[in-house]
Amino acid sequence: MIEFREFLQFLVEFPELLRIPLAEWIDTAMSWLLINWAAAFDVIGDTILAILLNIERSLLWLPWTAIVVLVGVVAWGVMRLWWAGVIMAAFLILIGTFGYWDLAMMTLAIIISAVIISFSLGLPTGIIMARSNRFEAIIKPVLDAMQTMPSFVYLIPALMFFGLGKVPAVFATIIYAVPPVIRLTNVGIRQVPQSVIEAAKAFGANSRQILFEVQIPLAIPSIMVGINQTTMMALAMVVIASMIGARGLGLEVLLAINRIEVGRGFEAGLCIVLLAIMIDRMTHALAARQEKILTSEAKV
């Protein structure tokens, strides 16, 4: 009877013997990294901080009128619509009228820093994926995990490695935002027609020339879409990154939530939405323009 009860208990309650101590293993690995790779993380942190501070200081140093005019001109040139440039410039002016200009520039600096570093890491990784099926098979599950993992989880290793402040915010943003540019670089290069590659080989091009003069130029529209998606995902981390010390519009939203200030939260949230619209429309238009150029060249 006792054995039967133990058997029933085994069927109902998950046995302790089968439990995998994954949390303990990860904690051990993190402790080992902190002890043995502290100097490397200091170098990484200093590099990220230098990039971020230079961009932030430049944005805060420039007069607001210069930034508004620059954004309007760039939007006009990229989107080929004069009224689009006026609207983008008006969005920036609207952010300033709410009193969030400096915070918006800080937020923009975090986004730009994260996108630059994500692109620097994602482009070569995507190229290696496109040239190695084995490497692609290894990296794809990692990218799947990075994109499906709750974004709050990325704050934990960022805090452990870099403490509080801007650097862990950028680090967590990079982990969250880098997968799209890796994936779309890989897809863009793999979608280059084999006939084009064979033609390049027939003209005597080596592997390096085919990559940099044929595959990457033809994959630029796909890469630009990846940058667009990476930028939007970086913007989505703004509020979450504010929880670990990143100043900017995200911090205003967080403070509004804590103090139940609806108006303050709405203003800061609207500023984030305006930045998102500006970045999305301009980067999307740039990707579409590149694709149109390649299509017209192919017809010629």
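Values in this text are rule-based calculations from the coordinates and carry no lab data. Just so we're clear, the structure is a prediction, and the values are computed from it rather than from any experiment. Neighbour counts run over all protein chains shown; Cβ positions are idealised from the backbone, glycine included.
The table for this structure:
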quantity	calculated
FRET efficiency, ILE277 to ILE156 (Cβ-Cβ, R0 35 Å, nearest 0.05)	0.65
Global geometry of segment 169-256, whether rounded, prolate or oblate, following the gyration tensor of its Cα atoms and the 1.5 cut on a/c	prolate
Percent of C-alpha pairs per 5 Å bin, segment 59-110, short to long	5, 23, 28, 24, 14, 6, 0
Translational D in µm²/s for segment 65-141 (Stokes-Einstein at 4 °C, 1.567 mPa s, Kirkwood Rh from C-alpha pairs)	85
Convex hull volume per residue for the chain, taking Cα atoms only, in Å³	211
Span-like helix ranges in the chain, DSSP H, alpha carbon extent 27 angstrom or more, Kyte mean at least 1.6	101-131
Label point 7 Å beyond Cα of ASN258 along Cβ direction - residues of segment 79-111 with amide nitrogen under 19 Å	103-104, 107
Value of relative contact order over the chain, rounded to a whole percent, pairs C-alpha under 8 Å and six or more apart	20
Distance between modelled label sites at ILE26 and ILE44, nm, 7 Å Cα→Cβ extension	1.6
Cα-Cα P(r), segment 160-210, percent of pairs per 10 Å interval	21, 27, 19, 17, 13, 3
Exposed GluC sites (Glu not before Pro) absent - longest run of the chain, DSSP non-H/G/I/E/B, at most 15 other C-beta within 10 Å	14-260
Among PRO217, PRO180, PRO150: highest mean-square fluctuation, GNM of the chain, C-alpha pairs under 10 Å	PRO150
